[in-house]
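Remarks on the structure that follows.
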């Protein structure tokens, strides 16, 4: 969401995703963790400080070491402290009224920890929401006054006047009569209730469908709550009842804008380039890590080992930055900035940068291949050249349905590999030496790119900015030229070293059908990945050089508009939503992919053809929508709002609700209500813990600052200044999953300190006391709101666990769509030798495919977070298989990497080779493609409906691949097969064949993942047995085995 949590959470999330990286570069481009304050003498203190910081969680230690983070902390702390100082002078607190503490509360809700234009947008949503609620509340007030019974009003006024006869302070009595509910009118209250219910329903839909506007929704709802809770008490129009709240927030808006403009100002342009610099560092580290992988033993790369965990953590950190690369670009043109590059220039770099991210992230696949259990046990499935020189990289494990055919191939190839010394462990030294120059050139080029980015970004106002940038550009040109040379050398000569261990086998392949070339295919796969990475890095380097040569001087850049902001705001985020407990996941039918939506028909009726049918169809769609989780959430939200609002318009309870600030129970119930049960229970845990901590800190702060008195301005100013430091630090740097609790701590602290001060310094009806008195009342109100939202949540409950299952079904369908997209491209019937350009190698195809991969990755990231939260529903009906669902997500993430590898291979594969080998390539056998798509569909439908799979439908896809390949070999003309095999033998040493081999390996990895998905789904949803089927299939395969 584009709120105060969006940019600051990137800092915290970066530190939690990459615990190995404990230093961050500040705005000057200097690593923040190097040394101590300039001028400080060395001694034991820095060593002790470093030891202390090393013991802290990474998100704390990293930000304490970063000068940029410390500046951010100072700015946000000063904004909050100044907001509290406004309460200290009598004149200001009297002017602001009983909602004066909302300035401090606003500083916790939307701290100035983001670049200026995003902060302006956040404040705009806050102000618009407040004004929207104010305007609608005023309209409700006008309508309620028109509906009020005038005879009853005159009677109520007359009775009050008679009661005030002879009293010295008539105004005080009249005011007391208002808040005791003496002027309540049923008609007026009904009007307010209708407005409140309808608007609560609408703002709940904003929370569900446009979570980026959650601040607008929250403040509009609070404004309406105030109007509809207090205005029914007044016998006349009170249109400025929220003026105190508006004035207080206006003070914070002014303070925040002044500080963010003049105290350590930062543009989005600068912040974005800082993030790119850090990202390039991570990418460079991933490439350098390949040296560790190539020097490791296969058992060191098994799942769960330190090296593999480090590799997966680095990949997760890189993939997690994709959204950070794309989301700020919406606002990057809406700012004044001084520098060489404007927002449009930076946008042009995003596409080559995303290409580098996607391709570097795919390097994990190589480590996974080496660390596969079969390679450690000596049971690796090796490849052959049966009909296409195609390697059957069979990584299926016995638990996923080994068959007699697979065991036969595995034993045969393992013996052959060992006999010819071409196991993967035997060829790793060759891979390491052959790729050393290319890996070094890629890493060095990324380092030079980082230096250029830093020079452009951190020398905006320096006199030597041109000289420093020229030096960095000169180094980048040298590294880019070195990378070009390394790529050319590898493509022409160095790659031949990979074939040397297999020369004798390739000679045998001219006469024999099956030879063990699995390790060669894996070597080719790594080489192809490195070439793709090198090309991507080279493309980014050329884009940066071209841009730097065009923009040589710093200048002032003007804003260019907000054309796309509205469209982005209405998008349903998949990751930012979880930070505040929002999660727009599929309805009971599951989320549909684009492919399903394009071709899906209604089995119960044809499309409407006349006006009445269209009306009925719209009504049917509304009915279907009313059963979705989002619609149920909005209905519950409106219902709980009305139920907790009623006591404020009943004469017997109106005064009690006002005096005890019962409005906060209503607000708490609204903010704790979530779409899914698991999210809401997790929300409870965080908010209750946050309330307790905030109340405790608030009481300690109050009693330290005021002692036993009414509060000293100097004592309270000093006390609040100290206690705000840790609260603000946690608010701006804590991991996203803890944000709800942190915000609640700050809000409770604000209410305890604020109400305690107001109690002693302004006269209001129903003072709630100070210190402990405020704290326990606040706790009770929070509990009332939580209890109310819990009750309404259970009528009926919307399971987050079911949502996890449905979203898994949807993401698997998305993977099926990507697989189908790639297979359709592979089998396209472009004639070899024609002059027409292959669309697979076109720019549009690559952009579309990269978008599909990035979208799938973001969906799986959100699903992983939702899976972690779903366990909060408890184990009432039985233990929820959390580990199985986590593995389901992890396998899909691995499949996304394999599909990315396949897409990259197809994009670089020579079209003539692709077309020539179509008839001989097992993985594009039409019957096999049907088997794969059917398996995707069976798994997705089983998860979507909860129905069990059938045992007779199970087929190990690797077994099916061999079956279709052998059947094709038997049926196809032998001379044609032999001709194809000889063509493959001749091509196996060519440059283009590396990408062909890489594509084959990628398909086998997809098959392995799909086999595991099927096994996990059968474990989750069940499996219908067919008695004697497994025994009969084993016997049948043994008899009909084709060797």
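The values are calculated or read from the model by the stated rules, or taken from the named source; none is laboratory data. Owing to the predicted nature of the structure, the values given are computational and were not obtained by experimental measurement. Don't worry about glycine lacking a Cβ; one is built from the backbone with ideal geometry, like all the others, and counts go over all protein chains shown.
Some notes on this structure:
- Between 200, 168, the distinction of being assigned by TED's automatic domain parsing to the domain that holds residue 632 and either at pLDDT below 85 or surrounded by 19 or more Cβ atoms within 10 Å (Cβ to Cβ) (or both) belongs to 200 only.
- Scanning segment 648-659 for residues that are surrounded by fewer than 17 Cβ atoms within 10 Å (Cβ to Cβ) and either in contact (Cβ under 8 Å) with a residue 40 or more places away in the chain or part of a loop (DSSP other than H, G, I, E, B) (or both) yields 650, 651, 652, 653, 659.
- Among (1) more than 34 Å from the chain's Cα centre (by Cα); (2) farther than 19 Å from residue 193 by Cβ; (3) surrounded by 15 or more Cβ atoms within 10 Å (Cβ to Cβ), the one test that residue 662 misses: (2)
- Checking each residue in segment 221-240 for being over 33 Å from the mean Cα position of the chain (by Cα) and part of a helix (DSSP H, G or I) picks out 226, 227, 228, 229, 230, 231, 232, 233.
So that you can scan it fast, the table gives a plain yes or no per residue for (1) at pLDDT below 85; (2) loosely packed, with under 12 Cβ neighbours inside 10 Å; (3) not in a loop (DSSP other than H, G, I, E, B):
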position	(1), (2), (3)
23	yes, no, no
37	yes, yes, no
51	yes, yes, yes
60	no, no, yes
69	no, no, yes
75	no, no, yes
83	no, no, yes
91	no, yes, yes
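- Taken together, the residues in segment 448-467 that are assigned to a helix (DSSP H, G or I) and surrounded by 18 or more Cβ atoms within 10 Å (Cβ to Cβ) amount to 12.
- If the condition is being in contact with a strand residue (DSSP E or B) (Cβ under 7 Å, 6 or more places away or on another chain) and surrounded by fewer than 21 Cβ atoms within 10 Å (Cβ to Cβ), then segment 906-946 contributes only 938.
- Residue in segment 307-320 that is surrounded by fewer than 23 Cβ atoms within 10 Å (Cβ to Cβ), outside the structural domain of residue 892 (by TED's automatic domain parsing) and modelled with pLDDT under 75 present: yes
- Within the set 616, 721, 634, 685, the sole residue that is modelled with pLDDT of 85 or more, not in a loop (DSSP other than H, G, I, E, B) and not assigned by TED's automatic domain parsing to the domain that holds residue 190 turns out to be 616.
- Any chance residue 114 is part of a helix (DSSP H, G or I) and touching a helix residue (DSSP H, G or I) at 6+ places or on another chain (Cβ under 7 Å): no
- Residue that is in a loop (DSSP other than H, G, I, E, B) and either more than 37 Å from the chain's Cα centre (by Cα) or closer than 27 Å to residue 249 by Cα (or both), where the choices are 203, 183, 174: 183
- Of the helices (runs of 4 or more DSSP H) lying entirely inside segment 838-921, those containing at least 3 residues that are within 29 Å of the chain's Cα centre (by Cα) are 843-870, 882-908.
- Qualifying residue in segment 241-253 (condition: more than 33 Å from the chain's Cα centre (by Cα) and assigned to a loop (DSSP other than H, G, I, E, B)): yes
- Any hit, segment 500-507, residues being in a helix (DSSP H, G or I), closer than 23 Å to residue 356 by Cα, modelled with pLDDT of 80 or more and in contact with a helix residue (DSSP H, G or I) (Cβ under 7 Å, 6 or more places away or on another chain): no
- Any chance residue 218 is surrounded by fewer than 20 Cβ atoms within 10 Å (Cβ to Cβ), in a helix (DSSP H, G or I) and assigned by TED's automatic domain parsing to the domain that holds residue 660: no
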